[in-house]
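J.: My questions all concern the structure below.
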Amino acid sequence: MKRILVGIKRVVDYNVRIRVKPDGSGVMLDGVKMSINPFDEIALEEALRIKERGQAEEIVVVTMGPTDCQQQLRTALAMGADRALHIVTTEALEPLTGAKLLHKIVEREQPFLVILGKQSIDGDNSQTGQMLAQLWDRPQATFASKVELTDSSAKVTREVDAGLETLEVDLPAVITVDLRLNEPRYVKLPDIMKAKKKPLESLPVADLGVETKTRIKVLKTEPPAARQKGKMVKDVTELVEALRQKGLV
Amino acid sequence: MSEILIIAEHAGGKLNPATAKCVTAASSIAGAKMTIAVFAADGAAVAAQAAKLAGVAKVITVDNAANQHALAAVIAPQVAALAKSYTHVFGPSTTFGKDLMPRVAALLDAPQLSDVMVIESATRFVRPTYASNAITTVEVDAGTQVVATIRSASFTATPEGSSTAPIESATPSAALPSHTRFVGLAAAKSDRPDLQTAARVISGGRALGSADAFKIIYSLAEQLGAGVGASRAAVDAGYAPNDMQVGQTGKTVAPDLYIACGISGAIQHLTGIKDARTIVAINKDPEAPIFEVADFGLVGDLFTIVPELEKQIAATK
Ligand SMILES: Cc1cc2nc3c(=O)[nH]c(=O)nc-3n(C[C@H](O)[C@H](O)[C@H](O)COP(=O)(O)OP(=O)(O)OC[C@H]3O[C@@H](n4cnc5c(N)ncnc54)[C@H](O)[C@@H]3O)c2cc1C
Ligand SMILES: Nc1ncnc2c1ncn2[C@@H]1O[C@H](COP(=O)(O)O)[C@@H](O)[C@H]1O
C-alpha cells in the first residue's frame, strides 16, 4: 500500500496571546484554545492532495502526547486522513525522542513519504523531521513550498535564506513543509461525523521501546523583556527630527 | 574543558557572518576551545576568513566535491565523524543550520537546542519558545554532548583578531548518501544590504497591495542604505519574494532602525524584530498592535508618508 505518514501535533492555537505563569514554571494552558500545529495542517493538506491525484493510497496521521491530542487526530481524520495513531504519553518529549518514536512507527507502517511541519509553534524546535530522516537513513527536504512526485523521487522547492532551492530526493523521504505550500481545506460537518467511525489506534509509549527520559531540563520560563512604550509623532517632520536626534538618519 | 566545533556557513567563497556570531556565542563559555569546520568543494578561501576570527583555535577544512551544495544528508555524517570528541557542536540558526544540525544531533544521539540566545555556561542556555513569547532557561547534565543552533540576532559578530589560527585539512570517514541531489537555486538578485546584517531595514506589509507598489519601499531603502523586508501577508500575496519575510517563520533581524510600513504587528511578525534597536511604525490604524512595540509611531497613509519621509531624509543630508 502506498502510504503517507503525517505528524499532527496539538499546540496552543496561533491566535492565542501567550502568557507565562508568574512562578516561571511554564506558560498558562488552562482553558486555552488548542489546535493542530499550523504547519501540520499544511502537511496533511499536501498528503491529501497527493492521494487525490492518485499518487498515494492511504494517509495515516500520528500524534504523540496525552489523551487530549485525540481531538486533533479526529480533526485530521475529518480533513480526510484514513487512519490515526496515538502514541500516548503525558511526559514532555524532546525532539530527538519524538523522532525515535516516529521512526518506530515508520518501521511499522513503511510509508513512502513522511510529511511533517517545519516546526512546532510551541517549542519552535524545527528538528523532528530532520532527525527522523537521519535515524531512518533517508533523504530530507525541509521548508518545502512545492512538492512534485514521481514513482521513485520527489522534486521539492525549499524556502531558504538565499531564495528558493530545488532538490531531488529518492523515495522514501521526509518532507517538512513551510507555510506557502498550500492552503488547508476547511472541515465540513458531515466529515466530522464520518471521522468518528475512522480507526484511531492508541499505543502506550512504553510499548515502543524508546528511552524517553529527558536530557534537557527546563529551569524556568519567563516573558520576553518588554519594550518600552514609544511615542506617537504627528507628522513626517517630527519623525525625521526624532530619528536625526538618535543619529539614525 | 569545553571543546566547541562550529560548522561554518558559506556561499560563493565567502564566510557567512552568522558563523562569526556562533564564535561569539561559543566564547561565552569560559575557557572554550573553538574549532571551525568548513565543508566545501574547495574551502581554502573560506577557511582563511574563518582563521582570522578572534579566539578561534583551529580551522578544519573538509574538501569534497560532494560538499559543493551543502546538502544536510551529505554533510551530517561528516560532521558527526569529526564531532565525536567535542563537547558542543554549534551551527547558525539559519536555514542552513536548521536543516543540518538536527541530522548531526541524531547521529551523535545528542540533544539539540535550537535558536540559543544566551549561553550562561557550558551546560546552561536560554532559548525562545512560543514565537519568543516565552523565554526558557534550560540545562543539560555536565558531560552531555550538546548540539545547538545559534540565534544570529542575539549575538554580535566576532571581529578579526591579531593572530591567525592554523588550518588543517581532514577527511572524516563517513559513507555519503547519493539519495539527495541539488537541482538549482533561484536567488533573488539585489544590490541591497543583506536583511540579517543590515543596520537599517524597511519592511512592507499587506497594505502595499501590489509588487509594483513595493517600489516606494525600495526607493526609501535606497535612500537609507537599508535592507528590505516584508510581512508574511505581503510575501503570500506575491508582493515580495520569500527570502524577504521577517518573523517566526522568516528571518530574524536586529538592525539599529526598523521601519514597518503597513504591517499590523502580528506576534509572528514581532518575533522577528524584537532585537531591533529602534522600531518605527507607519500605519493608518491607530489601534494597530505594531504601535505597542514601536519607539516612534505615525498614523496615516503610507502612500503619502513613505515618499515624504524619503524626501525629508534626502533633505537632511
Ligand atoms: C504559524 C504562523 C507563522 C507565521 N509567520 C509569520 C512570519 O514569519 N512573518 C509574518 O510577518 N507573519 C507571519 N505569520 C502571519 C501573521 O499572523 C500575520 O497574518 C501577518 O504578519 C500579517 O501581515 P500584515 O501585517 O502585512 O497584514 P495585515 O495584518 O493585514 O496588516 C496590514 C496593516 O496595514 C495597515 N494599512 C492598510 N492600508 C494602509 C495604508 N494605506 N497606509 C498605512 N497602513 C495601512 C492596516 O491598518 C493593517 O494594520 C504567521 C502566521 C502563522 C499562523
Ligand atoms: N508530539 C508530536 N506529535 C506529532 N507530531 C509531532 C510532535 N512533535 C513534533 N511533531 C512533528 O514534527 C514537526 C516539527 O516539530 P519540532 O521539531 O518540534 O519543531 C511538527 O510540525 C510535527 O509535524
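Per-residue answers, yes or no, for (1) surrounded by 20 or more Cβ atoms within 10 Å (Cβ to Cβ); (2) in contact with a strand residue (DSSP E or B) (Cβ under 6 Å, 6 or more places away or on another chain); (3) under 24 Å from residue B:252 (Cβ atoms); (4) without any contact (Cβ under 8 Å) to a residue 40 or more places away in the chain:
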residue	(1), (2), (3), (4)
A:119	yes, no, yes, no
A:123	yes, yes, yes, yes
A:133	yes, yes, no, no
A:137	no, no, no, yes
A:140	yes, yes, yes, yes
A:150	no, no, no, yes
A:153	no, yes, no, yes
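J.: Out of A:126, A:145, report the one residue that is within 21 Å of residue A:38 (Cα to Cα), modelled with pLDDT of 95 or more and in contact with a Leu (Cβ under 6 Å, 6 or more places away or on another chain).
T.: So the residue among A:126, A:145 that is within 21 Å of residue A:38 (Cα to Cα), modelled with pLDDT of 95 or more and in contact with a Leu (Cβ under 6 Å, 6 or more places away or on another chain) is A:145.
J.: Among the residues of region A:17-42, what is the count of those that are away from chain B (no Cβ under 14 Å) and more than 16 Å from residue A:70 (Cα to Cα)?
T.: Qualifying residue count for the region: 2.
J.: Sticking with this structure for a sec: Please determine whether any residue of region A:43-54 is near ligand 2 (Cβ under 10 Å from one of its atoms) and either within 14 Å of chain B (Cβ to nearest Cβ) or not in a strand (DSSP E or B) (or both).
T.: The answer is yes, given that some residue of region A:43-54 is near ligand 2 (Cβ under 10 Å from one of its atoms) and either within 14 Å of chain B (Cβ to nearest Cβ) or not in a strand (DSSP E or B) (or both).
J.: Given the residues A:177, A:187, A:160, which is the only one that is more than 24 Å from residue B:181 (Cβ to Cβ) and either within 21 Å of the chain's Cα centre (by Cα) or of a type in the set (A, V, I, L, M) (or both)?
T.: Of A:177, A:187, A:160, the one residue that is more than 24 Å from residue B:181 (Cβ to Cβ) and either within 21 Å of the chain's Cα centre (by Cα) or of a type in the set (A, V, I, L, M) (or both) is A:187.
J.: Right, here's the next one. If I filter region A:94-101 for residues that are in contact with a helix residue (DSSP H, G or I) (Cβ under 6 Å, 6 or more places away or on another chain) and within 16 Å of ligand 1 (Cβ to nearest atom), do I get at least one hit?
T.: No - not one qualifying residue is present in region A:94-101.
J.: Same structure, new question: Only one of (1) without any contact (Cβ under 8 Å) to a residue 40 or more places away in the chain; (2) not in a loop (DSSP other than H, G, I, E, B) is not met by residue A:39, so which one is it?
T.: With respect to (1) without any contact (Cβ under 8 Å) to a residue 40 or more places away in the chain; (2) not in a loop (DSSP other than H, G, I, E, B), residue A:39 is out only on (1).
J.: Give region B:1-32 a look and list any residue that's farther than 15 Å from residue B:97 by Cα, in a strand (DSSP E or B) and touching a helix residue (DSSP H, G or I) at 6+ places or on another chain (Cβ under 9 Å), or say none.
T.: Residues satisfying the conditions are B:4, B:14.
J.: Among the helices (runs of 4 or more DSSP H) confined wholly to region B:221-317, which include 3 or more residues that are more than 9 Å from ligand 1 (Cβ to nearest atom) and surrounded by fewer than 24 Cβ atoms within 10 Å (Cβ to Cβ)?
T.: Helices (runs of 4 or more DSSP H) meeting the threshold: B:302-316.
J.: Could you tell me whether region B:158-171 includes any residue that is under 26 Å from residue B:277 (Cα atoms) and buried (at least 16 other Cβ atoms within 10 Å of the Cβ)?
T.: yes
J.: I need the full set of residues from region B:259-269 which are free of Cβ contacts under 8 Å to residues at least 60 places away in the same chain and within 10 Å of chain A (Cβ to nearest Cβ), in order please.
T.: B:259, B:266, listed by residue number.
J.: From the list A:68, A:30, A:82, pick out the single residue that is without any contact (Cβ under 8 Å) to a residue 24 or more places away in the chain and surrounded by fewer than 24 Cβ atoms within 10 Å (Cβ to Cβ).
T.: That would be A:30, the only listed residue that is without any contact (Cβ under 8 Å) to a residue 24 or more places away in the chain and surrounded by fewer than 24 Cβ atoms within 10 Å (Cβ to Cβ).
J.: May I pose another question? Kindly indicate whether any position in region B:90-105 is under 16 Å from the mean Cα position of the chain (by Cα), assigned by TED's automatic domain parsing to the domain that holds residue B:9, of a type in the set (A, V, I, L, M, F, W, C) and not in a helix (DSSP H, G or I).
T.: yes
J.: Also: Inside region A:87-109, can you point out the residues that are in contact with a strand residue (DSSP E or B) (Cβ under 7 Å, 6 or more places away or on another chain) and either surrounded by fewer than 22 Cβ atoms within 10 Å (Cβ to Cβ) or over 21 Å from residue A:213 (Cβ atoms) (or both)?
T.: Scanning region A:87-109 gives A:88, A:89, A:93, A:105, A:106, A:109.
J.: Do the conditions hold for residue B:125, that is, is it free of Cβ contacts under 8 Å to residues at least 24 places away in the same chain and in the same structural domain as residue B:49 (by TED's automatic domain parsing)?
T.: Yes: the conditions hold for residue B:125.
J.: Hey, another quick one. Looking at this structure, is residue A:211 within 18 Å of residue A:90 (Cβ to Cβ), in contact (Cβ under 8 Å) with a residue 40 or more places away in the chain, exposed (fewer than 14 other Cβ atoms within 10 Å of the Cβ) and within 11 Å of chain B (Cβ to nearest Cβ)?
T.: Yes; evaluated as a whole, the condition is true for this residue.
J.: Something else: Output the strands (runs of 3 or more DSSP E) that fall wholly within region B:113-216 and possess 2 or more residues being more than 9 Å from every other protein chain (Cβ to nearest Cβ) and within 16 Å of ligand 1 (Cβ to nearest atom), or say none.
T.: Details: elements: B:124-129, B:134-139, B:146-150, B:167-169, B:180-187, B:200-204.
Result: B:200-204.
The values are calculated or read from the model by the stated rules, or taken from the named source; none is laboratory data. Note that this is a predicted model, so its numbers are computed, not measured. Note: ideal-geometry Cβ built from the backbone for every residue, glycine included; neighbour counts use all protein chains shown.
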